[in-house]
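To start, the structure itself, in structure tokens.
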Amino acid sequence: MAWSVGVAMGLSLPGLALAELGGNAQSVDAVNTRFSAVHRQTRGALHLVHELAIPDGPVIREYENHAGRVFAVSWSGAGRPDLRVLLGAHYDAYLAACKGRRARGPHRIDVPGMTIVQGGTQRVLFGKVVLTDELPEGLVVEDLR
């Protein structure tokens, strides 16, 4: 099975309803309550970061621009969030970008309008998907953790 399909079907947290990539961030509070997540917000000059620490799961960060749109998502830790939910309408573009790509070690994939960075070990996974056309001016993909 191709690595990208394994990622999509792999270690997911069923039912995790997040603000999806490209959407708005209004549903973040529902995740806090439902999963007893520790929710922290950090405001930068160019964006707001919603950080959700799921018990026994990954830390998920959603990056929101001043217009209230989620322009990037990232995850790190034990397990992987349900990327179909997290990426929303961008999930199919993610799968297409990952198809046939390197399966081992950290890697970066740049396609028009999207940058994907992911990797990890058997115990700790990390990744981020950035809508580069939505990235606030003055930020670069490497600024987001």
### Summary
The strands (runs of 3 or more DSSP E) lying entirely within segment 35-113 that contain at least 2 residues which are among the hydrophobic types (A, V, I, L, M, F, W, C) and surrounded by 19 or more Cβ atoms within 10 Å (Cβ to Cβ) are 58-64, 70-77
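When the residues of segment 114-145 are filtered to those that are over 13 Å from L21 (Cα atoms) and touching a His at 6+ places or on another chain (Cβ under 8 Å), which remaining residue is surrounded by the fewest Cβ atoms within 10 Å (Cβ to Cβ)?
If we take residues in segment 114-145 being over 13 Å from L21 (Cα atoms) and touching a His at 6+ places or on another chain (Cβ under 8 Å), then G119 is surrounded by the fewest Cβ atoms within 10 Å (Cβ to Cβ).
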### Message
Given the criteria among the small types (G, A, S), at pLDDT below 70, at negative phi and touching a strand residue (DSSP E or B) at 6+ places or on another chain (Cβ under 6 Å), does A25 qualify?
### Response
yes
## Note on the structure
The number of residues in segment 109-141 that are of a type in the set (D, E, K, R) and under 14 Å from the mean Cα position of the chain (by Cα) is 1
### Message
For the structure I just gave you, tell me whether R84 is of a type in the set (D, E, K, R) and touching a helix residue (DSSP H, G or I) at 6+ places or on another chain (Cβ under 7 Å).
### Response
yes
### Query
What are the pairs, 6+ residues apart or on separate chains, where a residue within segment 124-143 that is farther than 13 Å from F71 by Cα has its Cβ under 6 Å from a residue that is of a type in the set (S, T, N, Q) and in a strand (DSSP E or B)?
F126/S76; G127/Q118
### Message
So the check is Cβ under 9 Å with 6+ separation or different chains; which pairs have a first residue in segment 56-73 that's closer than 19 Å to R123 by Cα and a second one that's part of a loop (DSSP other than H, G, I, E, B) and among the small types (G, A, S)?
### Response
D56/A78; D56/G79; G57/A37; G57/A78; G57/G79; P58/A78; P58/G79; I60/A37
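The values are calculated or read from the model by the stated rules, or taken from the named source; none is laboratory data. Bear in mind the structure is a predicted one, so any value in this text is a computation, not a measurement. Note that we place each Cβ from the backbone using ideal geometry, even for glycine, and neighbour counts take in every protein chain shown.
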